[in-house]
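Here is the structure we will look at.
Derivation of every value follows stated rules applied to the coordinates shown; laboratory data play no part. Since the model is a prediction, treat every value here as computed from it, not as a measurement. Cβ atoms come from the backbone with ideal geometry, glycine included; neighbour counts cover every protein chain shown.
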Amino acid sequence: MRIKKTMIFSLMALALILSACAPAATPNNTMPMNNDNSNMTNGIPTPGSMTADNPGAAHMMEPITAPNVQPATETTGGQPLAYREEDGVKVFELTTKAVQWPILDGVTVTAYTYNGTVPGPMIRVTEGDQVRIIVKNELPDPTTIHWHGVEVPNAMDGVPGVTQDPIQPGETFTYEFIAKPAGTFMYHSHFEGDVQVGAGLYAPFIIDPKEPEANPPVIDKVLMLSEVRMTDGETYAAMPMGGMEPNYFTINGKSFPATETITVKKGDLVRLRLIAIGQFIHPMHLHGMPFKIVATDGHPVPEAAQLTKDTISVAPGERYDIEFVATETGQWMLHCHILHHTTNDNVEPGGLMLMINVVE
Ligand SMILES: [Cu+2]
């Protein structure tokens with residue numbers, strides 16, 4: 001303890017000296033040392049900082065609630081979102097709302113969602129498409145959307161207090177940008193992200209290459225990994241903080257055995273797009289067949305650099321596209337190798353697990 005305290009004091013002293021030496025108001029010098037009840041650091045707002053000016057942030061340890069939450073009308077998240085074309089623009093509509101979302105037989109969480117599902121609907125477009133996304137906020141809290149990994153103009157980046165005002169309850173905001181580059185991306189809330197993302201405000205955003213792939217996979221699945229905390233019938237956004245740890249773990253909003261079984265024919269090329277959107281790292285392990293990492297964070301890996309592995313750690317915010325040829329028939333398991341993550345409220349098997357059923 002004594003050593004730790006000494007180290008902390010030394011670091012604080014060093015930080016003070018460095019900040020005293022730094023030119024005033026350097027925007028990059030935004031280390032959140034503020035305990036001054038301000039959500040500004042050197043004149044730059046620090047979104048999500050827990051301050052008197054930002055009382056919503058103190059909700060992080062409170063249950064996810066909303067008035068009059070209805071049961072979800074859809075059962076599967078991450079499904080392709082239909083769009084309309086207006087003058088060559090692909091127009092998508094999203095509504096944020098709270099629903100009761102079943103993650104497992106007998107276990108239903110209160111979720112913040114896009115269009116009523118967890119994950120929200122998949123936006124899938126082609127590289128170079130002009131896309132417009134109209135977002136209506138029907139949550140009791142403000143929100144914004146960040147297009148994680150997509151190369152959008154700064155004003156479309158979705159950071160509250162920096163690139164836009166939060167979208168208040170009842171308000172609508174329109175995002176518009178050219179979809180680029182091709183790859184596996186996602187969209188998620190950037191307003192009180194520790195709560196809203198954990199509560200379910202996340203979804204896949206896939207940009208297909210303009211030139212069709214030479215060898216496209218027969219099976220192409222997005223698997224979004226997350227966590228949630230349920231106690232005494234209340235839902236909490238799980239986080240790596242004492243008392244807030246998750247006790248349920250989800251793939252595309254479901255815990256095993258409610259996770260999807262992926263059926264493939266022997267000899268098929270299978271692509272799995274792994275996306276970690278929760279707050280914990282998940283070393284995902286595939287039984288039976290090794291795979292190659294063909295893209296990291298949406299960007300293709302040159303063939304000579306494609307590692308062959310059977311376990312891949314996916315950290316929060318990361319994406320890995322993995323591919324394998326299903327050479328062996330049988331029920332092959334894909335699961336997290338932090339084995340607590342394959343339980344449902346401490347009961348095994350559950351959580352981050354699904355079956356890949358290879359048939360003749
Ligand atoms: Cu895990």
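Cross-link reach is defined here as a Cα-Cα straight distance under 17 Å, omitting same-chain residues fewer than 8 places apart; for residue 210 the aspartates and glutamates meeting it are 127, 129, 151.
Of the peptides 343-353, 168-178, the ranking by mean beta-carbon count within 10 Å, highest at the top, reads 343-353, 168-178. Karplus-derived 3J(HN,Hα) values for segment 254-269, using 6.51 cos²θ - 1.76 cosθ + 1.60 with θ = phi - 60°, are 10, 9, 4, x, 7, 5, 5, 8, 9, 9, 9, 8, 3, x, 5, 8 Hz; glycine and proline are entered as x. What separates the Cα centres of segment 156-235 and segment 261-285 is a distance of 18 Å.
Less than 5 angstrom separates the built amide H of residue 186 from those of 148, 150, 205, all sequence-distant by 5 or more or on a different chain. Taking only the alpha carbons of segment 236-360, we obtain Rg and Dmax values of 14.9, 48 Å in that order. Taking the Kirkwood radius as Rh and the Cα radius of gyration as Rg, segment 70-208 has a ratio of Rg/Rh equal to 0.96.
Sorting 101, 147 on the 10 Å Cβ count, fewest up front, what's the list? Provide the component values of the computation, followed by the final result.
Numbers: 101 28, 147 22.
By the 10 Å Cβ count, ascending: 147, 101.
So how strong a dipole does segment 219-359 carry about its Cα centre when Lys and Arg Cβ are +1 and Asp and Glu Cβ are -1, to the nearest 20 debye? With Lys and Arg at +1 and Asp and Glu at -1, about 360 debye. Take 132-143, 250-261 and order them by the average number of nearby Cβ atoms within 10 Å per residue, most first; the result is 250-261, 132-143.
Of all DSSP-defined beta bridges confined to segment 167-277, some 65% are antiparallel rather than parallel. Working ranking of peptides 106-112, 84-90 by packing, defined as the average number of other Cβ atoms within 10 Å per residue, highest first, is 106-112, 84-90.
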